[in-house]
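Input: a single structure, listed below in structure tokens.
The values are calculated or read from the model by the stated rules, or taken from the named source; none is laboratory data. From a predicted model like this one, the values you see are computed outputs, not experimental measurements. As a convention, Cβ positions derive from the backbone with ideal geometry for all residues, glycine included, and neighbour counts pool all protein chains shown. For accessibility, only protein heavy atoms count, side chains too; no ligands or nucleic acids. Shrake-Rupley method; radii C 1.70, N 1.55, O 1.52, S 1.80 Å.
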Amino acid sequence: MPFPPRRIVCLTEETVETLYLLGEEDRIVGVTGYAVRPPRVRREKPRVGAFTSADLPKIIGLEPDLVLTFSDLQADIAAGLIRAGIAVHAFNQRDVAGILAMIRTLGALVGNPDKADALATLLEGRLQAVAAAAQGLKRPKVYVEEWDEPMISGIGWVSELVTIAGGEDVFADLAGRKSARDRIIAAEQVVAAAPDLILASWCGKKVRPEAILSRPGWDAIPAVRAGRIVEIKSPLILQPGPAALTDGLDAIVAAVEAARG
């Protein structure tokens, strides 16, 4: 593999966005079909797969020097590429610190560590400023719903962002569990938690607030009684990259401030 790699395939959104922010987008020769940030990526880069599936012959045909993957959910894809003799780096960030480390690591991988460190430092400062602004204010209780059937509560970095934004994640104790199946909850648990705000982001599926409002027994929940159900598009908060720390955080802050008011 040449260094820095000249031809990179990104199989998740967050590495695509990061490379564009670093000015290294010319190295990208293929992306996941879910890549939407920046918008021009859909015009500029060929799509080579979804999230848990990929067109291996197409990827191999692009002759990449490096393929970037994410988590155990892409382990089979990574294994197939490795068997084909292609270099693969698998990221596995699940919290805010991990997102910042991913940015710095990716910068090092493409020979641009200084710009990556500057980007991560800028994002760190932004997180600190948002957290400071929420200090001493009332902290609304927040339920983050990552999926509806079964109901799955928010993953680690989303829970952290709720706290940074000035909210209190009612299922923060589950957020560190990496597997979605380990964050499955019952409707009765949400009723008992009595959140003031429901943030819904159904992992690529449009949220139906009316379905949430009509769940049996949920009329006892303060958020439901007040109609405080806010959809945040999954590319903004369910991808562990810059989007979550910028536009995603802004959306959470706006919802928390409205619930507080």
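Considering the chain as a Gaussian network with a 10 Å cut-off on Cα pairs, which listed residue, D173, D117, D72, attains the greatest mean-square fluctuation?
D173
Taking the Cα centre of segment 51-95 as the origin, how large is its charge dipole in debye, to the nearest 20, when only Lys and Arg (+1) and Asp and Glu (-1) carry charge on their Cβ atoms?
With only Lys, Arg, Asp and Glu charged at Cβ, the dipole is about 60 debye.
Just the number, please: percent antiparallel of the DSSP beta bridges in the chain, rounded to the nearest 5.
About 20 percent, rounded to the nearest 5.
Is there a quick way to get the dipole size of the chain? I mean about its Cα centre, with the Cβ of Lys and Arg at +1 and of Asp and Glu at -1; what is the value in debye to the nearest 20?
Computed about the Cα centre, the dipole is about 360 debye.
Give, rounded to the nearest 20 debye, the magnitude of the charge dipole that segment 11-164 has about its Cα centre when Lys and Arg contribute +1 at Cβ and Asp and Glu contribute -1 at Cβ.
Here segment 11-164 has a charge dipole of around 340 debye.
Would you kindly state how much longer the chain becomes between D250 and N92 on full extension, computed as 0.36 nm times their sequence separation minus their alpha carbon distance, in nm to one decimal?
Difference between extended and current length: 54.5 nm.
For a quick check of understanding: with a 1.4 angstrom probe and all protein chains in place, what accessible area in square angstrom does T121 have, to the nearest ten?
About 70 Å², rounded to the nearest 10.
Which lysines have a Cα less than 27 Å from the Cα of K178, not counting those fewer than 8 places away in the same chain?
Within the straight-line cut-off, K178 pairs with K141, K205, K206, K233.
Setting aside same-chain residues fewer than 8 positions from K45, which lysines have a Cα under 20 Å from its Cα?
K58
Taking 7 Å along the Cα-to-C-beta vector as the label spot, tell me the R42-A108 distance in nanometres, rounded to one decimal.
Distance between the two pseudo-spin positions: 3.5 nm.
Starting from the 7 Å offset along Cα-to-Cβ, what nm value, one decimal, do you get for the label separation of D182 and W218?
2.6
Select from E231, E149, E168 the residue whose mean-square fluctuation is largest in a Gaussian network model of the chain (Cα-Cα springs shorter than 10 Å).
Comparing E231, E149, E168 in a Gaussian network model of the chain, the most mobile one is E149.
From the convex hull of the Cα coordinates of segment 101-172, what is the mean projected area in square nanometres?
Reported value for the Cα convex hull: 6.0 nm².
Can you list residues whose amide H is under 5 Å from R47's amide H, if they're 5+ apart or on another chain and H is modeled 1.01 Å from N?
Under 5 Å from the amide H of R47: V31.
Check which residues have an amide H placed less than 5 Å from F91's amide H, if you skip close sequence neighbours.
T69, F70, S71
Under the rule of at least 5 residues apart or a separate chain, name every residue whose amide H is placed under 5 Å from the amide H of E145.
For E145, the qualifying residues are L199, A200, S201.
With unit charges on the beta carbons (Lys and Arg positive, Asp and Glu negative) and the dipole taken about the Cα centre of the chain, which residue among G156, A226, V207 sits farthest to the positive side?
V207
I'd like to know which of I28, V110, A131 lies farthest towards the positive end of the charge dipole of segment 1-143, counting +1 on Cβ of Lys and Arg and -1 on Cβ of Asp and Glu.
Result: A131.
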